[in-house]
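Working notes, structure below.
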Protein chains: 2
Amino acid sequence: MKNEAITSRDVDFAKWYTDVVKAAKLCDYSNVKGCMVIEPNGYAIWEKMQSVIDAMFKESGHQNVYMPLLIPESLLQKEGELIDGFAPEVAWVTHGGDKELEERLCVRPTSETLFSDYYSSTVKSYRDLPKKFNQWCSVMRWEKTTKPFLRSREFLWQEGHTVHATSEDAEAETRLMLEIYKKFFEEYLAIPVITGRKTDKEKFAGAEYSLTVEALMYNGIALQSGTSHYFGQKFAKAYDITFTNKDNELEYAYQTSWGVTTRMIGALIMVHSDDYGLVLPPKIAPTQVVIVPIGNVSEEVDKVYKELKDKGISVTVDDSNKSPGFKFKESEVNGIPVRIEIGERDLGEGVITVARRDTHEKMKISLDTDITSYVISLMDEIQNNLYNTAKDRRDKMTYEVETKEEIRDIVSNHPGFIIADWCGDVKCEESLKEIGGLKSRCILENVKPKNKCVCCGKKAKHRVVWGIQY
Amino acid sequence: MKNEAITSRDVDFAKWYTDVVKAAKLCDYSNVKGCMVIEPNGYAIWEKMQSVIDAMFKESGHQNVYMPLLIPESLLQKEGELIDGFAPEVAWVTHGGDKELEERLCVRPTSETLFSDYYSSTVKSYRDLPKKFNQWCSVMRWEKTTKPFLRSREFLWQEGHTVHATSEDAEAETRLMLEIYKKFFEEYLAIPVITGRKTDKEKFAGAEYSLTVEALMYNGIALQSGTSHYFGQKFAKAYDITFTNKDNELEYAYQTSWGVTTRMIGALIMVHSDDYGLVLPPKIAPTQVVIVPIGNVSEEVDKVYKELKDKGISVTVDDSNKSPGFKFKESEVNGIPVRIEIGERDLGEGVITVARRDTHEKMKISLDTDITSYVISLMDEIQNNLYNTAKDRRDKMTYEVETKEEIRDIVSNHPGFIIADWCGDVKCEESLKEIGGLKSRCILENVKPKNKCVCCGKKAKHRVVWGIQY
């Protein structure tokens, strides 16, 4: 049933979003301005995301480490572009206890500097390379306006930092991680993404280039969802990371970094969820199945519970004192993909009821059915349906255009991904910002422009995806 | 073979400790004073610890959350004892970007304040209780002297914070978590612990009482290894956490907190490790078995590897270009419990060699042996042997005394756990500090004193364990 605590998505999207966050108990505002409390339901999603993608990292040869939270100002300043990019938005520690520090330290906004400093003292020879490290931690950026999961002063993320003996290896790593992110978004989060290269204006401060996965939300707003950066030797030169190569020559090393954040929880909400609350793809749902007993049915409940659990399905029984109707509603607001209602009357008729969260369909299943196989294939169906629905919507909201007029039209009616060719001049890129804050999302790679630059009408260099961003 | 990079444990224990940390690549000093870089080998141990104990937390009904990193000064100050305890050792954030903050924020040294603030706004009725939350995060305490894993400005930990409707429930929780820590130390880390209650002088700032698990290191120095605190209504009153109880009366809630830290890695080293490097109990070793191939033996290596892996044993093959001798040494310094050497010559004789890390024994095993069962039972044996060795040593270094003279004698010869009765007067407790910094470790519970107070000779109230601490 429609949840009265949730504003309709089509009436006020922003309000709907915060209503879902609150109703599903994902996070709460804290008394620390711009910082959130991630509540059990939200954190459980993050843990599930972590477990899946961390396994993908390890499978591809990465190791987890932990670097300090604080970065001395002098260390941060070694790479000029990075400090320019981050200085306006870092939090500074100036006192330890009662004592003023000799040098102030910033709370890490990202850790290229610390990893580089570490690599500089530990990498000596090509035999020490590659080093493919990752860390799970919180970072802090002193944002002015914040929105739960999407933009906050503190957020959780993983940051991979690797160092390699050749540019080829480092570039391959940059691409590999982009592919891992794409796979994670599409196969687990059921969110279709566009991948490509950021323009120079939009790339990470200090990167040679940045690759990105871009997703489109229900309301046509774009979300930069994960990035993978190639640094070449930039940081190696700033932090003096040299090694003896196979020809016994001293050479600067090649680096990458890549990250995804708790923002992915925001993407899950804004792509799949509805007016009933959260919708979670089965592959990322902390609880995949909830069983709601109605009446005196504990024997059948125990049997179904055990069967599902034995097959590795994450299942709970809601045996609280609440009414069945209340439980149904709660399972919906929490986004549990499959609900099994086991009732006395149904059992008398030899059936149980299975409800799917995505379409709200209810199916009566004969007790003779192999319930585990049924649930597994239903979860597959839900996973695919969520992906296909998101993809159809994304595709419908992706517009190929040739003129600024068309862009104005789209942005003022219903934004989305706008594909338009571009000459490569940053002035043209900036001029499009006037249209509702439009920015380049990414340059499509291995795709040739078909038209002239959408801005100046000169020869186009790139096919670019544009969008309004969060 | 003896590792020349490691000072002998009996020659210089402090040097031996840092040598092992370095040789096993557990952590590295960073350019951030007092903060460490936890390297892959160290972090993998932490991840294994996390996975085991986090499952124990969840099994006992706890949920993970994430609270902000920064605490506004006014929020920290609400509970007087807490701020007095922590103010001298917190790091203060005073600037966000270029702007001075209106109120300074401290980097969390512990999060009672934030959890209490959250509970204050979310707990309304006894139906909302209990809330049993935990978080995994880093905390910061501006220590002056630091030592890898044992004492550093930043460390990783878990902090559980629970809120209950009755003092009975909260006290039961405090005890439950102490038991979980004890089980984790003894069954997984193979470290015997003494449990008890901290004296008022040594309890956590703001607690009604603190329970502790105390371990004894190889050199007789005590390590406070985990604590569980009962707060009664102290924080509830300071942070206004009230709820409507079953009698429809407004009442302050009852709270607990409990934590263990990366310091446990230090304990693992100082209890089990030796002059060859790290020694890890099989139940906590990230890699339990390494297979070293010697010659052209890939078929047998693959077979053994697959068999062990299929049984859920964490196994790797060291197929690098290094010499077998180098690999043996490396497996020892890294503390891998079991090494399987598969050599051409051995295979010709129908055997493989199995080496155990704890005793350095090498066994020739017939190829007819069920290798998986053999390894599983060997790992059990290693786990038990490590525990028993540690317990025998601890017991031998536990002294029951009646006089200060005896204490002086023990501390100047070889410290350990000293059991002596105490009248309960803090002056007596403090006077013992003159003996090499001796402090109370804990009051033994449900144990009656046998003698007079070891200090003043008056009637004793408590049987107390004393020790020199890290």
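No lab work stands behind these numbers, since they all come straight from the coordinates. Predicted model only: the values in this text are computed from it and were never measured. Using ideal geometry, Cβ is built from the backbone for each residue, glycine included, and neighbour counts are taken over all protein chains shown.
Quick check on region B:13-272: what does the Kirkwood estimate of hydrodynamic radius come out to from the alpha carbon pairs, in Å?
Evaluated on region B:13-272, it is 19.3 Å.
Charges only on Cβ, +1 for Lys and Arg, -1 for Asp and Glu: so what's the dipole of region A:398-467 about the Cα centre, in debye to the nearest 20?
Computed charge dipole of region A:398-467: roughly 260 debye.
Can you give the Kirkwood hydrodynamic radius of region B:410-470 from its Cα pairs, in Å with one decimal?
The answer is 11.5 Å.
Would you work out which of B:34, B:244, B:161 lies farthest towards the positive end of the dipole of region B:13-272? Charges go on Cβ: Lys and Arg +1, Asp and Glu -1.
It is B:34, whose Cα lies furthest towards the positive end.
Using alpha carbon centroids, what distance separates region B:196-233 and region A:391-420, in Å?
63
If one puts a single equal scatterer on every Cα of chain A and applies the Debye formula without solvent, what log₁₀ I(q)/I(0) results at q = 0.07, 0.08 Å⁻¹?
Results for chain A at q = 0.07, 0.08 Å⁻¹ read -0.43, -0.56.
Indicate, rounded to the nearest 5 percent, the antiparallel portion of the DSSP beta bridges found entirely in chain B.
Looking only at bridges with both residues in chain B, the antiparallel portion is about 80 percent.
As a test of understanding, state the convex hull volume per residue of the protein assembly as shown from its alpha carbons, in Å³.
Taking the convex hull of the Cα positions in the protein assembly as shown, it is 199 Å³ per residue.
Would you mind computing Rg(Cα) / (2.2 N^0.38 Å) for region A:289-378, counting N as its residues?
For region A:289-378, the normalised Cα radius of gyration comes out at 0.98.
Quick one: the Cα spread of region B:144-237 along its three principal axes, in angstroms, biggest first?
Between the extreme Cα coordinates on each principal axis of region B:144-237 lie 43, 33, 24 Å.
Given H placed on each backbone N at 1.01 Å, which residues far from residue B:231 in sequence or on other chains put an amide H within less than 5 Å of it?
Counting only residues 5 or more places away or on other chains, the set is B:208, B:255, B:256, B:257.
Step through the residues of region B:152-158 one at a time and calculate ³J(HN,Hα) from phi using the Karplus curve (6.51 cos²θ - 1.76 cosθ + 1.60, θ = phi - 60°), rounding each to whole Hz and writing x for Gly and Pro.
8, 5, 10, 9, 9, 7, 10
What is the mean number of Cβ atoms from other protein chains located within 10 Å of the Cβ atom of each residue in peptide B:58-71, rounded to a whole number?
6
Shortest first, in nm, what separates the label point of residue B:145 from those of the same position in the other copies (7 Å along Cα→Cβ)?
5.3
Show me, for region A:240-257, the HN-Hα J-couplings you get by feeding each phi into the Karplus relation (A = 6.51, B = -1.76, C = 1.60, θ = phi - 60°), rounded to Hz, glycine and proline as x.
Those phi angles translate into 6, 9, 10, 8, 8, 7, 4, 8, 6, 10, 7, 9, 6, 7, 10, 10, 9, 8 Hz.
At a threshold of 8 angstrom on Cα-Cα distance, excluding pairs fewer than six apart, so keeping six or more, what relative contact order does region A:192-284 reach in percent?
Here the relative contact order equals 22 percent.
Sorted from fewest to most neighbouring beta carbons within 10 Å, what does the list A:138, B:121, A:74 look like?
By the 10 Å Cβ count, ascending: A:74, B:121, A:138.
Work out, step by step, the length gained on full extension between residue A:8 and residue A:77: first 0.36 nm times the residue separation, then minus their alpha carbon distance; give nm to one decimal.
Extra length from residue A:8 to residue A:77 when fully extended: 20.1 nm.
Using the Kirkwood formula on the Cα atoms of region A:195-235, what hydrodynamic radius do you get, in angstrom to one decimal?
10.9
Given H placed on each backbone N at 1.01 Å, which residues far from residue B:416 in sequence or on other chains put an amide H within less than 5 Å of it?
The list, which skips near neighbours in sequence, is B:468.
Restricting to Cα pairs below 8 Å that are 6+ residues apart, what does the relative contact order work out to for chain B? Please round to a whole percent.
14
To the nearest 20 debye, what charge dipole does the protein assembly as shown have about its Cα centre, counting +1 at the Cβ of each Lys and Arg and -1 at the Cβ of each Asp and Glu?
Value, rounded to 20: 1020 debye.
Restricting to region B:289-379, compute how many DSSP beta bridges are antiparallel as a %, nearest 5.
Antiparallel bridges: around 50 percent, rounded to the nearest 5.
Could you tell me the center-to-center distance, by alpha carbons, between region A:34-104 and region B:252-268 in angstrom?
Value for the Cα centre distance between the two parts: 23 Å.
Convex hull volume of the Cα atoms in region A:16-93, per residue, in Å³?
Given the Cα convex hull of region A:16-93, per-residue volume reads 178 Å³.
List the distances, in nm to one decimal, from the label point of residue A:240 to the label points of the same position in every other copy, shortest first, placing each label point 7 Å from Cα along the Cα-to-Cβ direction.
Label point to label point, same position, other copies: 5.6 nm.
Got a sec? Charge dipole of region B:37-95, +1 on Cβ for Lys and Arg, -1 for Asp and Glu; which of B:92, B:52, B:68 is way out at the positive end?
So the residue furthest toward the plus end is B:52.
Take every DSSP beta bridge with both residues inside the protein assembly as shown and express the antiparallel ones as a percent of the total, to the nearest 5.
Percentage antiparallel, nearest 5: 80.
In whole Hz, what ³J(HN,Hα) sequence does region A:316-323 give by Karplus (6.51, -1.76, 1.60; θ = phi - 60°), x for Gly and Pro?
10, 10, 8, 9, 5, 7, 5, 6
Sort the following peptides by mean Cβ neighbour count (other Cβ atoms within 10 Å, averaged over residues), highest first: A:344-351, A:161-168, A:83-90.
Going from most to least packed, we get A:161-168, A:83-90, A:344-351.
DSSP loop GluC sites (Glu not before Pro) in region B:361-470 with at most 11 other Cβ atoms within 10 Å of their Cβ, which ones?
In loop regions of region B:361-470 (DSSP not H, G, I, E or B), the sparsely surrounded GluC sites (Glu not before Pro) are B:361.
With 32 Å as the limit, write out which pairs from A:458/B:99; A:48/B:391; B:396/B:450; A:48/B:362; B:78/B:439; A:48/A:132 have Cα-Cα distances beyond it, or answer none.
Among A:458/B:99; A:48/B:391; B:396/B:450; A:48/B:362; B:78/B:439; A:48/A:132, the Cα-Cα distance tops 32 Å for A:458/B:99; A:48/B:391; A:48/B:362.
For B:34-41, what's the mean count of beta carbons from other chains sitting within 10 Å of each residue's beta carbon?
6
Only counting other Cβ atoms within 10 Å, I'd like A:10, B:421 sorted with the fewest neighbours first.
If I rank by nearby Cβ atoms, fewest first, I get A:10, B:421.
How large is Rg/Rh for region B:44-134, to two decimals, with Cα atoms and a Kirkwood Rh?
With Rh from the inverse mean 1/r over Cα pairs, Rg/Rh is 1.05.
Applying a 10 Å radius around every beta-carbon, put B:152-158, B:312-318 in order of their mean neighbour count, most first.
B:152-158, B:312-318
If the only charges are +1 at each Lys and Arg Cβ and -1 at each Asp and Glu Cβ, what is the size of the charge dipole of chain B around the Cα centre, to the nearest 20 debye?
I would put it at about 920 debye.
Within 10 Å of each Cβ in peptide A:149-160, how many partner chain Cβ atoms are there on average? Round it to a whole number, please.
For peptide A:149-160, the averaged partner shielding equals 1.
Quick one: which residues, 5+ away or cross-chain, put their amide H under 5 Å from the amide H of residue B:218? H built at 1.01 Å from N.
B:271
7 Å from Cα along Cα→Cβ at both residue B:98 and residue A:307: what's the point-to-point distance in nm?
A separation of 6.7 nm, rounded to one decimal place.
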